[in-house]
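The values are calculated or read from the model by the stated rules, or taken from the named source; none is laboratory data. Bear in mind the structure is a predicted one, so any value in this text is a computation, not a measurement. Cβ: placed from backbone, ideal geometry, glycine included. Neighbour counts: every protein chain shown.
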Amino acid sequence: MSENTFELPHNSPVEPTRLELEDKLKFRCHKDISCWNQCCAQADVSLAPYDIIRMKTHLGISSTDFLKDYTVPYEIDSHNVPGIKLRTTEARACLFMKESGCSIYEDRPTACRYYPSGLLSMRALGMKEDERHFLLIKEPHCKGHDEAREITIADYRKEQAVEEFDDLNRDWYRIILKKKSTGPTIGKPSEMSLQLFFMASYDVDRFRRFILSDSFKKMYDVSAEEFARFENDDVALMQFGFALMKQVLFGEMSIKERTGAGDQRAEERKEVLAYRKEAELNEHNRKQEEARKAALEEGDSPASK
Ligand code: SF4
Ligand code: SF4
């Protein structure tokens, strides 16, 4: 196998060829195409932290409500690192799909912007820095590949305004890559660090309350100006979260701890674990509500009368 190819599971729609920024795609998507909306009718969209900030701001809701109403959990790797995907209808349609197209188009997530290409972040064995390549996804329903237009990956990224998303999510992708490449060395992450990873990655509004709590302030030596910025600036808070994750997961100490911080750790753990219990309760309530609605619908169906 050449270094520009990679192995894929059987039946994967991904082409096994690695693409670089100057490689060309033959592709165009437009409203008059025969397959309009078919990609969104079978959505499988994983989300990164900045995606969530953009979508919850667009919808005018908190990240906590966004997670509850629009996402489902999955595991990113075999060490239970938590990921989230967009929730779909039972028929797999994205909840944001409307007849006219995507109802959150200007704030759609990274994966939707890249499609039918994808970002392939990888770290070669023994290398410290990650490499960025791209891949091509060819699904039979997508007729955009039959269109005559050719465009480089670099220009497609500009056209889809994906660069800002990649720049802001880059540190998070690095954390995941590092976690994958050093996993067996540093062992399985603790339950507390996984919960912190979840909150700092996906639930920025909840993370804000955690960071601005007295117990956090007693533990970390962060300036009053920085704390003031975190009150209103989601992106600054997200980036602080990346630094905290690196500290907790890999011991990369970039946030100064106060003397005697150890005494506060139990308090910090208590808050993170309380968050987990609340998240579990929300998920439990959501499932119960879905089951209740399904039972009601079944009772209403003509077959049951
Ligand atoms: S977010 Fe928008 S573009 Fe992405 S799958 Fe949903 S409807 Fe389609
Ligand atoms: S061309 Fe592909 S990306 Fe565009 S609407 Fe059709 S299936 Fe979706």
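Quick notes on this structure:
- Residue within the range 121-138 that is at pLDDT 90 or above and either surrounded by fewer than 16 Cβ atoms within 10 Å (Cβ to Cβ) or in a helix (DSSP H, G or I) (or both) present: yes
- Scanning the range 14-59 for residues that are among the β-branched types (Val, Ile, Thr), closer than 30 Å to residue 201 by Cα and not in a strand (DSSP E or B) yields 45, 52, 53, 57.
- Considering only residues in the range 183-211 that are modelled with pLDDT under 95 and in a loop (DSSP other than H, G, I, E, B), the one that is farthest from residue 68 (Cα to Cα) turns out to be 187.
- Scanning the range 267-284 for residues that are surrounded by 14 or more Cβ atoms within 10 Å (Cβ to Cβ), within 18 Å of residue 84 (Cβ to Cβ) and at pLDDT below 70 gives a single hit, 276.
- Here the condition is being surrounded by fewer than 16 Cβ atoms within 10 Å (Cβ to Cβ) and of a type in the set (A, V, I, L, M, F, W, C); of 33, 84, it holds for 33 alone.
- In the range 76-118, of all residues being more than 15 Å from ligand 1 (Cβ to nearest atom) and not acidic (Asp, Glu), the one that is modelled with the highest pLDDT corresponds to 83.
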